[in-house]
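What follows is a single structure, written as structure tokens, with notes after it.
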Amino acid sequence: MIEWAEKYRPKSLKDIVGNQDAIQKIREWGESWKSGNIPKKKALVFEGKPGVGKTSTALALANDFGWGIIELNASDIRNEEHIKEIAMRGSLYETFSDNGDFLSSKEGKRKLIIIDEADNLYEGKGDSGDRGGRKAIIETVKVTMQPVILIVNDPYELFKGEQGQVLRNLVEEIKFRSLNYKQISSSILKMICARENIIVDRNILDRIAQKSGGDVRAAINDLQMLAQGKKTITEKDLENLGSRDIVENIYSATLNIILSMSMKTSREVLNSVDEDPSLIMQWIDENIAHEYLDTEDLSRAFDYISDANLYLGRIRRLQYYGFLSYVYDFLAAVSIAKKHKYGIHGKLNSPDFLKAMAQRKRSKDYRDIISQKLSKITHQSQDSTNFEFFEIFMRIFRNDINFAAWNTVILNLSEEEIEFLTGNENVEKILEKSKDIMKKMGNNA
Amino acid sequence: MEDVWVEKYRPVKLDDIVGQDYIVERLKSYVKEKNMPHLIFAGPPGTGKTTSAIALAIGLFGENWKASFNELNASDERGIDTVRVQIKDYARTAPSNDVGFKIIFLDEADHLTPDAQAALRRTMEKFSKTCRFILSCNYSSRIIDPIQSRASIFRFKPLSKEDISRRLKYIAEKEKIKLEDDAIEAIYIVANGDMRKSINILQAAASMGEKINSDIIYKASGLASRDVVRKMLEKSLNGDFLGARELLDKMIVEYGVAAEDIIKQMHSELYKISIPEDLLVQLLEIMADIEFRITEGANEKIGLDALLAKFSNLGKNQK
């Protein structure tokens, strides 16, 4: 079966939905390579959440200009050697494309080097890690005679530290914004349904698009799943969305652990479900307090959960999977942490909270950076600013666009920092206003 | 309303500083004589220590005061190296003004380690011709004796209700916001004599609604993570795990407070609430263990949940 997300990947820049400013910039960059001049910034960094069209845009660019492609992504091992071998060599010589066509730069033919997931380079970790990967990327960008595109979800990871700053000065950043659900629904999902001869209400496409949270790939995958072997999609089908097997397994395992009074039974259930133990742990963490009402029982339960968590951490750090069975043991022990038989349980909650938290894993970094900038104007220490003023600042920033724009200028806030402060709302308005302010200041100066 | 009000309405002239008349008189005489000794500003937060230092510098050096005034925060740049290198480098160079010296304003100086303070003492003496120090702290007792004996100490008092109220009304008028009387009362209750906190709360409240009354003030005053941490702690010690966790989740998800920062604040709040000392030490033991586990564990949220569960249990048993 062909994945629709692949099948309907846009072939040309003009087919890309959304982000038209970004696309225009990219097209101009392509033109300047084509004209035979090497542009000042030889590399672009595409920044944005999953499924907003970063990779598609890179591929479409190569296709429009008839360039060859050299692609490296996280599934390759990307240490210094490897990047040098593939990207550097590719970037220096005009030779043959991957398909063996001769590419002459005199005819504007190029090889586009795409380094996907460039924020997932592990620096100096283990032998199979991407040791020195960033250094090699910097080298590549410095010497390349060919266009380079780096693709990241989180630019902070790529640009952190001294080396990151060096890299930042060498590249041009292109931000990709999430599409709104209307764009996804009416420009993409509708087109696919038409081509696949599927009859579906617009309203249903809207809901699929909404659920994707701006991730086009996820929306297309969901659509394909719903349409599997059918010619129409109904309201009823929609209910199946998201409740996949995996959740059912985890759900029943969690329920079992919480209700059972026997550790051995729970251990067997855990054996049989064979799901990610950290996910089960999160489900237990989320739901246990609604069942174990006696704080004595709850406290004991958390002793075991915390043990399981500890060994999960050690597995991750030491890459020693021998500890895994202890993780299961401690999770099963939660069953016997209770001295009462409650049997109250209602519907279990999904630990969405943890998902939300994972998405904000960089929040400490942002808080620290913003607090540091703020402390310069509040004449307070970074800690005091962080603990006593930050939320107040954040609240005013959210409530008042003028305040936000003005402080964006004085604190020199980056787009990501604004996104962090506002929870992603009004970012463009704030940026626009702050540009106006800068212009006015420039005129007065 | 664009600026941060605390800065927008920070007095720039010594005469505009409220509630510290005696201190202001003395500082004005320094300006007149174009000379001053090393100073220690001691007092609670939000009473005008930083403002006085800046106003003094403006009085002495005029328009280009920034060139002769170096503000450092001891809790950001703690340790002996800062004192040795950064402060010394600044202190030793000749002043670029006609007064003959420059000022180093060292905020939160009581956070400097005793070693760093000892090093500072020598620098203060050696370069006192070209550089005067103003050390600001909450408690002068945390400044080592040899420094105290070489400086004039000024004690800043919490501001009176009248002083705070007058200032808030002035700001409200300038910003064209409607400030009801019970709002001022509420601000004074939550912020006490802390002008900075009062103004911050006022600005947050002003961004939340048209009319500012006590309800909005209480909402705005609970925003700062320090206040949320206190509430979370109280709930958990009352045995209300779910209530405490709700606040925890809010801090982490909505405001992005880091686990280690939450623990750091819990630690300092534990000393402020009234609980028996044997309970305090048990709670600290739990906290130490959990913090250690967080450094090794896979998921820090699990650690914090476990902490709240254990606090809930201990707190409940105490009652």
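Read the figures in this text as sums done on the coordinates, not as results from a lab. These numbers were taken from a predicted model, which means no experiment stands behind them. Using ideal geometry, Cβ is built from the backbone for each residue, glycine included, and neighbour counts are taken over all protein chains shown.
Worth pointing out:
- Share of pairwise Cα separations in chain B, more than 32 Å, in percent: 43
- Label point distance in nm, A:N169-A:T234, each placed 7 Å from Cα along Cα→Cβ: 6.5
- Translational diffusion of the protein assembly as shown, µm² s⁻¹ [Kirkwood Rh, Cα pairs; Stokes-Einstein; 20 °C; 1.002 mPa s]: 71
- Cleavage-rule hits, chymotrypsin sites (Phe, Trp or Tyr not before Pro), the range B:92-162, DSSP coil, Cβ neighbours within 10 Å at most 13: B:Y139
- Stretched out straight at 0.36 nm per residue, the stretch from B:V12 to B:Y90 would grow longer than its current Cα-Cα span by 25.7 nm.
- With 5 Å bins from 0: P(r) over the range A:132-268, alpha-carbon pairs, percent: 2, 8, 14, 12, 8, 8, 10, 12, 12, 10, 5, 1, 0, 0
- Derived scalar couplings between HN and Hα for the range A:420-437 equal 5, 5, 9, x, 6, 9, 6, 4, 5, 4, 4, 4, 4, 4, 5, 5, 4, 4 Hz in order, rounded to whole Hz, by the Karplus curve 6.51 cos²θ - 1.76 cosθ + 1.60 (θ = phi - 60°), x for Gly and Pro.
- About the Cα centre, charge dipole magnitude for the protein assembly as shown (Lys/Arg +1, Asp/Glu -1 at Cβ), debye: 1920
- Cross-link partners for B:K32 among the lysines, with Cα-Cα distance under 17 Å and sequence neighbours closer than 8 places in the same chain left out: B:K13, B:K102.
- GNM flexibility winner over chain B from B:G48, B:G256, B:G100 (Cα, springs under 10 Å): B:G256
- On the basis of the beta-carbon distance and an R0 of 51 Å, A:K347 and B:E173 show a calculated FRET efficiency of 0.40.
- Choice from B:I216, B:I40, B:I262 showing the highest fluctuation, given a GNM over chain B with Cα pairs closer than 10 Å: B:I262
- Per residue of A:284-297, other chain Cβ atoms within 10 Å of the residue Cβ number 3 on average.
- Neighbour cut-off at most 13 other Cβ (10 Å), DSSP loop, chymotrypsin sites (Phe, Trp or Tyr not before Pro), the range B:189-285: B:Y271
- Förster-model FRET efficiency, 35 Å R0, B:R166 and B:L284, C-beta, rounded to 0.05: 0.25
- Student exercise, the range B:175-238 dipole from Lys, Arg, Asp, Glu Cβ charges, in Debye to nearest 20: 320
- Which of A:L226, A:A194, A:I208, positive extreme of dipole for the range A:181-241 (C-beta unit charges): A:A194
- Legend: calculated FRET efficiency, A:D436 to B:D3, from the Cβ-Cβ distance at R0 = 25 Å, rounded to 0.05, equals 0.90.
- Dipole of the range A:246-354 [Lys/Arg +1, Asp/Glu -1 at C-beta], most positive-end residue of A:N271, A:I250, A:G343: A:N271
- Average partner coverage of B:214-226, which counts Cβ from other chains inside 10 Å: 3
- Projected over all directions and averaged, the alpha-carbon convex hull of the range B:70-202 occupies 10.2 nm².
- The angle between the Cα long axis of helix B:114-126 and the main principal axis of chain B comes to about 10°, on a 0 to 90 degree scale.
- Among A:G442, B:V257, B:G315 - extreme Cα towards positive end, dipole of the protein assembly as shown, charges at beta-carbon: A:G442
- Of the trypsin sites (Lys or Arg not before Pro) found in the range A:175-233, those in coil by DSSP whose Cβ has at most 12 other Cβ atoms within 10 Å are A:K230, A:K231.
- Spatially proximal aspartates and glutamates relative to B:K174 (Cα-Cα < 18 Å; intrachain offsets below 8 disregarded): A:D400, B:E2, B:D3, B:E7, B:D16, B:D163, B:E210
- Peptide B:202-211 - average C-beta neighbours from other chains (10 Å radius): 3
- Over the protein assembly as shown, dividing the summed -39,500 (n - 2.57) contributions of all DSSP H runs of at least 4 residues by the number of residues returns a 222 nm mean residue ellipticity of -16500 deg cm²/dmol.
- In a simple Cβ point-charge model (Lys, Arg +1; Asp, Glu -1; nothing else charged), chain B has a dipole of about 1080 debye relative to its Cα centre.
- Diffusion coefficient, µm² s⁻¹, Stokes-Einstein with Kirkwood Rh over alpha-carbon pairs of the range A:181-241 at 4 °C and 1.567 mPa s: 117
- Cα long-axis angle, helix B:259-270 against chain B (0 to 90 degrees, to the nearest 10): 80
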